[in-house]
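Enquirer: I have a structure here, written as structure tokens, and I will follow up with some questions on it.
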Amino acid sequence: MNSQLSAHIVGHLIAEPRIFELRNGVGCDLRVLVTRRYYDGLGIPSTAETRLKVVTYDTVMAERLVSEFKAGNFVELIADNVRGEKAWENKDGKWVSGSAVFHLAKIRHVPVEAPTEAPAEQATETPEVLARVVAS
């Protein structure tokens, strides 16, 4: 089933991009870990992790993904369609429910920003200045 929904996804690649054969070229799938922070019903901060499958059937994009993206990269992507996979039987004969598959439209690397030091104006205050502030 195709949805015609679009999605904006930001997360980490948890596996190397995987190429698969198509009738007229190759496609590629990505596994993305999305971490979401939220507050539960009691107001306690919590974190939820979701693993998503993202695919492209575009040979040029598939080759770009394999050459430019690696496991661990922090990425932002736009999916222009979401479809549900059918349930399938694993090697042990157990049925596994199908998952949502996002169809990749665009992707880019997102720089990870490290925490910075205090702003320069705070770092230049001398003990004398701080003593005057405390005294007043």
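All of the numbers you see were taken from the coordinates with simple rules; none came from a lab. Computed from a prediction, not measured in an experiment: that's the story for all the values here. A quick note on method: Cβ atoms are made from the backbone with ideal geometry, for glycine too, and the neighbour counts reach across all protein chains shown.
Enquirer: Which FRET efficiency value, to the nearest 0.05, is calculated for residue 18 and residue 44 with the Förster distance at 30 angstrom and r the Cβ-Cβ distance? The partial results should precede the final answer.
Expert: Working: r = 37 Å, r/R0 = 1.25.
Computed FRET efficiency for residue 18 and residue 44: 0.20.
Enquirer: What does the convex hull of the Cα atoms of region 7-112 come to per residue, in Å³, rounded to a whole number?
Expert: Here the figure is 145 Å³ per residue.
Enquirer: Suppose the chain between residue 87 and residue 53 were pulled fully straight at 0.36 nm per residue; how much longer would it get relative to their current alpha carbon spacing? Show your work: numbers first, answer last.
Expert: Working: separation 34, 0.36 × 34 = 12.24 nm, distance 1.49 nm.
Contour length minus the Cα-Cα distance gives 10.8 nm.
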